[in-house]
Amino acid sequence: MMKDVVIYIRSLYGYGEDEDTIDFTTDGLYTYDGDTACLTYEESEVTGMEGTRTSVVVMPDKVVVDRDGTVTSRMVFSPGEKHAFLYDTPVGSATMHMDTRSVHSRFNEHGGHMEIDYVVDMEHAFASRNKFKMTVKERS
């Protein structure tokens, strides 16, 4: 059964003095089956992806993030593995690579928390170091 939730996201990206942070809170839908957490939410102008729906599937060994709309991409976060993904925007597409350093998550039927540490490169050149933190709470 899908539940209404509040999703808190903090995304840190960049390198050294050029680090930036985006904090984002939104409503979403959530389900948990005892092993896998699934949630969806709409992006906004805060993230620069207004008009995009994001779906997140948190499994014991990896996290998959699908975006569809003004931005289309599928990112797989699996510790110790490097994955390529196509980042498609209204102004063009780019193939990017993601090296996941770590994924920590804890979810239950009421929500949970996740943190991902990863590095992105484009055309084999370092682009940024990223930390993505998400907290999901059941709407009361």
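We did not get these values from a lab; they are worked out from the coordinates using the rules stated. It should be emphasised that the depicted structure is a prediction, and the values quoted were computed from it without experimental measurement. All Cβ positions, even for glycine, are placed from backbone atoms using ideal geometry, and neighbour counts span all protein chains on display.
Numbers for the structure displayed
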item: Ascending count of other beta-carbon atoms within 10 Å, so fewest first, for 91, 76; result: 91, 76
item: Candidate aspartates and glutamates for bridging to residue 131, where Cα separation is under 17 Å - those fewer than 8 sequence places away on the same chain excluded; result: 17, 18, 19, 20, 23, 81, 99, 115, 117, 121
item: Order of 75, 2 - criterion: other Cβ atoms within 10 Å of each residue's Cβ, fewest first; result: 2, 75
item: Directionally averaged projected area (convex hull, Cα atoms, the range 3-138), nm²; result: 7.8
item: Leading residue at positive end of dipole, the range 3-138 (Cβ point charges), from 124, 15, 113; result: 113
item: Under 25 Å from residue 137, Cα to Cα: lysines that are on another chain or at least 8 residues apart; result: 3, 62
item: Student exercise, the range 3-138 dipole from Lys, Arg, Asp, Glu Cβ charges, in Debye to nearest 20; result: 300
item: Added length on full extension, which subtracts the Cα-Cα distance from 0.36 nm per residue, residue 81 to residue 53; result: 7.5 nm
